[in-house]
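The values are calculated or read from the model by the stated rules, or taken from the named source; none is laboratory data. Bear in mind the structure is a predicted one, so any value in this text is a computation, not a measurement. With ideal geometry, Cβ positions are generated from the backbone for all residues, glycine too; neighbour counts draw on all protein chains shown.
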């Protein structure tokens with residue numbers, strides 16, 4: 001049964017970046033495809049590094065490999081944030097892929113930050129580094 005990510009969340013989904021390069025393929029209707037690198041991922045979407053942006057609103061099948069297996073889902077491309085950076089959101093994701101993605105994100109978060117270290121959501125580091 002497909003998992004359709006909700007459009008309204010009370011809390012922002014956890015996002016992670018991968019240290020290693022993670023290639024992504026997006027296949028659009030009509031046989032058009034593009035290759036990209038995954039920069040950031042969450043269970044709701046992510047950020048791709050592309051050679052050139054894709055038309056915002058285009059929906060295609062997004063696929064990438066993780067250490068837990070292949071993750072594939074339908075994704076809608078959003079408005080680019082830079083010439084080579086474009087966010088996307090998942091429109092549908094099979095339950096197995098959703099579970100795999102959650103597992104990968106949790107594992108990445110646990111290795112990136114020790115469990116006893118609290119996550120800071122305030123701007124103390126930013127304020128500390130400001131020149132004025």
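Does region 106-124 contain at least one residue that is closer than 23 Å to residue 33 by Cα, under 15 Å from the mean Cα position of the chain (by Cα) and at pLDDT 85 or above?
Checked region 106-124: no residue is closer than 23 Å to residue 33 by Cα, under 15 Å from the mean Cα position of the chain (by Cα) and at pLDDT 85 or above.
Here is a list: 73, 60. Which entry is surrounded by 14 or more Cβ atoms within 10 Å (Cβ to Cβ), modelled with pLDDT of 90 or more, part of a strand (DSSP E or B) and in contact with a helix residue (DSSP H, G or I) (Cβ under 6 Å, 6 or more places away or on another chain)?
Working: 60 fails: in contact with a helix residue (DSSP H, G or I) (Cβ under 6 Å, 6 or more places away or on another chain).
Being surrounded by 14 or more Cβ atoms within 10 Å (Cβ to Cβ), modelled with pLDDT of 90 or more, part of a strand (DSSP E or B) and in contact with a helix residue (DSSP H, G or I) (Cβ under 6 Å, 6 or more places away or on another chain) holds for just one of 73, 60, which is 73.
For residue 109, all conditions in the list (1) loosely packed, with under 15 Cβ neighbours inside 10 Å; (2) in a loop (DSSP other than H, G, I, E, B); (3) touching a residue at least 60 places away in the same chain (Cβ under 8 Å) hold save one; what is the number of the exception?
Exception for residue 109: condition (2).
Answer yes or no: is there a residue in region 81-96 that is in contact (Cβ under 8 Å) with a residue 40 or more places away in the chain, assigned to a loop (DSSP other than H, G, I, E, B), within 12 Å of the chain's Cα centre (by Cα) and surrounded by 15 or more Cβ atoms within 10 Å (Cβ to Cβ).
no
Determine whether region 15-36 contains at least one residue that is modelled with pLDDT under 90, in contact with a helix residue (DSSP H, G or I) (Cβ under 6 Å, 6 or more places away or on another chain), more than 11 Å from residue 64 (Cβ to Cβ) and surrounded by 13 or more Cβ atoms within 10 Å (Cβ to Cβ).
Yes, region 15-36 has at least one match.
Farther than 13 Å from residue 86 by Cα and in contact with a helix residue (DSSP H, G or I) (Cβ under 8 Å, 6 or more places away or on another chain), is that true of residue 43? Spell out the reasoning first.
Values: farther than 13 Å from residue 86 by Cα: yes; in contact with a helix residue (DSSP H, G or I) (Cβ under 8 Å, 6 or more places away or on another chain): yes.
Yes; evaluated as a whole, the condition is true for this residue.
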